[in-house]
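Heads up, the thing below is written out as structure tokens.
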Amino acid sequence: MEFGKVQRIDNIDFSLPPDDPVTERLWERLIPAATEPLRVYVGGTEWGRASWVGSVYPMGTKPKDFLAGFSRQFNTVELNTLFYGLQPPAVIQRWASVVGEGFRFCPKFPETISHKLQLSNAGKETREFVEALQCFGTRLGPSFLQLPERFGSGQAGVLQQYVRQLPAGFRVCVELRSEDWFGAAADSRASVRETFELFGEYGVGTVITDVAGRRDVLHMRLTMPAAFIRFVTNGLHPKDYARADAWVERIRTWAGKGLREVYFFVHSPEELTSPPMMSYVIGRMNERCGAGLPLPNLVNGGQAGNLSLF
């Protein structure tokens with residue numbers, strides 16, 4: 001991920017900010033369900049990494065078997081593939097057929113909708129996207145609408161109108177990247193406040209991104225009792241593990257206030273070090289949040305950079 005990428009992290013404050021007032025208002029509306037366990041999903045951005053053969057996948061694994069192998073190790077994927085174009089129904093149905101019942105796909109909205117049209121006059125494309133996703137059946141998690149950095153709060157009306165037109169029951173989490181959605185100045189704008197209020201009203205979630213070079217997008221605003229977190233590592237620097245620990249503790253706190261689901265996606269340069277961090281997060285979620293997830297069986301600590309495919 002190039003967004004928020006920096007060369008040095010020594011002087012960056014990686015501490016998690018307190019919950020935003022938007023989140024505090026969400027907890028006030030919810031009644032924590034003590035008997036309902038927190039549903040935890042931990043995964044990455046894709047499954048088609050040949051460099052994972054010998055770490056995530058046994059030596060000799062063929063590309064056609066990568067998804068099945070990935071789903072035996074992790075229980076969700078941030079499906080970026082659809083950002084570049086929809087796949088035929090048969091392909092999506094095949095993906096859904098090779099994973100277990102507990103696996104969740106979180107497809108990214110096509111760039112035509114989010115970046116080219118920027119939500120304007122995108123009704124046809126949105127209907128096609130929503131219809132295609134029905135092929136995932138029960139394996140479909142919340143979809144992921146990433147808006148470009150140039151989509152600022154001045155376009156709040158466009159975003160609000162788009163949200164109102166989404167099909168009822170279609171689960172979406174929105175990632176805002178423009179700086180003017182965040183900070184004290186943004187909080188004073190009616191358009192920003194109204195947007196997050198609308199998210200809560202329509203059951204639309206937010207995406208929280210934890211990346212070194214853009215600490216403003218670590219906004220800690222939840223508008224529904226599900227968290228969608230994109231966690232960008234720095235080559236498994238010791239700070240990455242401390243950051244992951246802090247996230248697990250925050251999620252544990254949120255679960256006590258009414259959080260029902262968490263989707264935690266790990267990103268790393270070239271995705272070479274994502275699997276060991278995903279495994280670490282799963283272990284910590286099990287210990288601190290009672291997630292009850294199977295621990296991945298990674299070879300060589302999950303790092304296959306020095307292994308040959310042949």
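The values are calculated or read from the model by the stated rules, or taken from the named source; none is laboratory data. Please read these numbers as outputs of a predicted model, since none were measured by experiment. Cβ: placed from backbone, ideal geometry, glycine included. Neighbour counts: every protein chain shown. With ligands, DNA and RNA removed, areas are computed over all heavy atoms of the protein, side chains included. Shrake-Rupley method; radii C 1.70, N 1.55, O 1.52, S 1.80 Å.
A simple spin-label model places the labels of residue 138 and residue 187 4.3 nm from each other, with each point 7 Å out along Cα-to-Cβ.
How many percent of Cα pairs in region 122-163 exceed 14 Å?
Taking all Cα-Cα pairs of region 122-163, the fraction more than 14 Å apart is 62 percent.
Name the residue farthest towards the positive end of the dipole of the chain from the options 53, 79, 236, assuming +1 on Cβ of Lys and Arg, -1 on Cβ of Asp and Glu, about the Cα centre. So the residue furthest toward the plus end is 53. A helix-only calculation puts the chain at -10000 deg cm²/dmol for mean residue ellipticity at 222 nm, using -39500 (n - 2.57) for each DSSP H run of at least four residues, averaged over all residues.
Dividing the alpha-carbon radius of gyration of region 13-102 by the rule-of-thumb value 2.2 N^0.38 Å gives 1.51. Taking the Cα atoms of region 32-156, the ratio Rg/Rh between the radius of gyration and the Kirkwood radius comes to 1.03. Bridging of residue 257 to aspartates and glutamates at a Cα separation below 16 Å is possible for 19, 20, 24, 28, 36, 249, once same-chain residues fewer than 8 apart are set aside. If you wrap region 147-201 in the convex hull of its Cα atoms and look at it from every side, the mean projected area works out to 3.7 nm².
Here the 3J(HN,Hα) profile of region 159-171, calculated from phi with Karplus coefficients 6.51, -1.76 and 1.60 at θ = phi - 60°, is 4, 4, 5, 5, 4, 4, 8, 5, x, 4, x, 7, 7 Hz, Gly and Pro shown as x. Based on a Kirkwood Rh over C-alpha pairs, give the Stokes-Einstein translational diffusion coefficient of the chain at 37 °C and viscosity 0.692 mPa s in µm²/s. D = 164 µm²/s. Its convex hull of Cα atoms gives region 200-242 a direction-averaged projected area, equal to a quarter of the hull surface, of 3.4 nm². Per the Cα gyration tensor, region 147-263 maps to an equivalent ellipsoid with semi-axes of 25, 18, 12 Å, ordered largest to smallest. Partners of residue 124 within straight-line reach, counting lysines whose Cα lies under 27 Å from its Cα and excluding those fewer than 8 residues away in the same chain: 108, 116. For the chain, the carbon plus sulfur part of the accessible surface works out to 51%, probe radius 1.4 Å. The Kirkwood hydrodynamic radius of region 200-310, based on inverse pair distances between different Cα atoms, is 15.1 Å. Within the shell defined by Cβ-Cβ distances under 12 Å, the residues around residue 67 carry a net charge of +4, with Lys and Arg each +1 and Asp and Glu each -1.
In a simple Cβ point-charge model (Lys, Arg +1; Asp, Glu -1; nothing else charged), the chain has a dipole of about 520 debye relative to its Cα centre. Computed on the Cα atoms alone, the convex hull of region 70-114 gives a volume of 70 cubic angstrom per residue.
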